[in-house]
Amino acid sequence: MDFVAESQTNTTTVKPWSRFWARNFDYLSHSFLIGVIWAFIDMKSLDEINNSILSFLLMASWIVLDGIYMYFFGTTPGKKIMNIKVLHSDGNRLSKSISFKRSRLVWLRGMGLGIGIIEIVANIMGYNRLKKEGITSWDQELDLVIVHEKTSLIRYLICPVCVVGFICLTIYGFM
């Protein structure tokens, strides 16, 4: 049996919420870490930067970090917590070019460029496609397979709790 057929028999359902929480954990945890480092180095410039420019810089850094994680480790911290692996359909880890292309496609199609209402629409469209067809457009285009291994309740709750925590810390930090 080939890898794709084997992974499909081991994974009977798609898990869009696991992917959503993992992605947001990755983006928000890295944004928070970058913000803390930036504040430590030069708090004044962090206070003075335009929020739109800051959001763009954080999103750009996420694209790069996501590609790096996928290439070197085959997963990201959020995906690791949620026991999600992204592999080429032959079972191998992603090449460097595919890792970075996937990150850009997730940013464009899955996160709507990080732009307010467009991001909400992109998330809804991605969710509906994943539930209906079992694969996102970017994973299908790149011939990738998503493997969801069994996840304990504790591990499953880590990402949502951290995401809510990062959002609260961000809101509190801007008040």
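The values are calculated or read from the model by the stated rules, or taken from the named source; none is laboratory data. Here the structure is a predicted model, which means the values were calculated and not measured. In this analysis, Cβ positions are derived from the backbone assuming ideal geometry, glycine residues included, and neighbour counts consider all displayed protein chains.
Scanning region 92-128 for residues that are within 15 Å of Phe20 (Cα to Cα) and part of a loop (DSSP other than H, G, I, E, B) yields one hit, Met111. Within region 69-78, is even one residue modelled with pLDDT of 90 or more, surrounded by 14 or more Cβ atoms within 10 Å (Cβ to Cβ), over 20 Å from Gly126 (Cβ atoms) and touching a Phe, Trp or Tyr at 6+ places or on another chain (Cβ under 8 Å)? Checked against the condition, which is being modelled with pLDDT of 90 or more, surrounded by 14 or more Cβ atoms within 10 Å (Cβ to Cβ), over 20 Å from Gly126 (Cβ atoms) and touching a Phe, Trp or Tyr at 6+ places or on another chain (Cβ under 8 Å), region 69-78 yields at least one hit. Each residue in region 106-115 was checked for being aliphatic (A, V, I, L, M) and surrounded by 18 or more Cβ atoms within 10 Å (Cβ to Cβ), and 2 of them qualify.
Sort through Ser97, Ser103 and tell me the only one that's of a type outside the set (A, V, I, L, M), buried (at least 19 other Cβ atoms within 10 Å of the Cβ) and out of contact with any strand residue (DSSP E or B) (no Cβ under 7 Å at 6 or more places or on another chain).
Working: Ser97 fails: buried (at least 19 other Cβ atoms within 10 Å of the Cβ).
Every option except Ser103 fails the conditions.
Does Met59 meet the test of being buried (at least 20 other Cβ atoms within 10 Å of the Cβ) and not β-branched (Val, Ile, Thr)?
Judged against the criteria, Met59 is not a match.
Inside region 70-91, residues that are assigned to a helix (DSSP H, G or I) and in contact (Cβ under 8 Å) with a residue 40 or more places away in the chain make up a count of 4. One residue stands out among those in region 126-169 that are free of Cβ contacts under 8 Å to residues at least 12 places away in the same chain and closer than 19 Å to Lys80 by Cβ: the one that is surrounded by the fewest Cβ atoms within 10 Å (Cβ to Cβ), which is Leu153. Does Lys44 fit the bill of being charged (D, E, K, R), out of contact with any helix residue (DSSP H, G or I) (no Cβ under 9 Å at 6 or more places or on another chain) and either touching a residue at least 24 places away in the same chain (Cβ under 8 Å) or assigned to a helix (DSSP H, G or I) (or both)? Judged against the criteria, Lys44 is a match. For region 5-20, the candidate set comprises residues that are at pLDDT 50 or above and among the charged types (D, E, K, R); within that set, the residue that is farthest from Ile135 (Cα to Cα) is Arg19.
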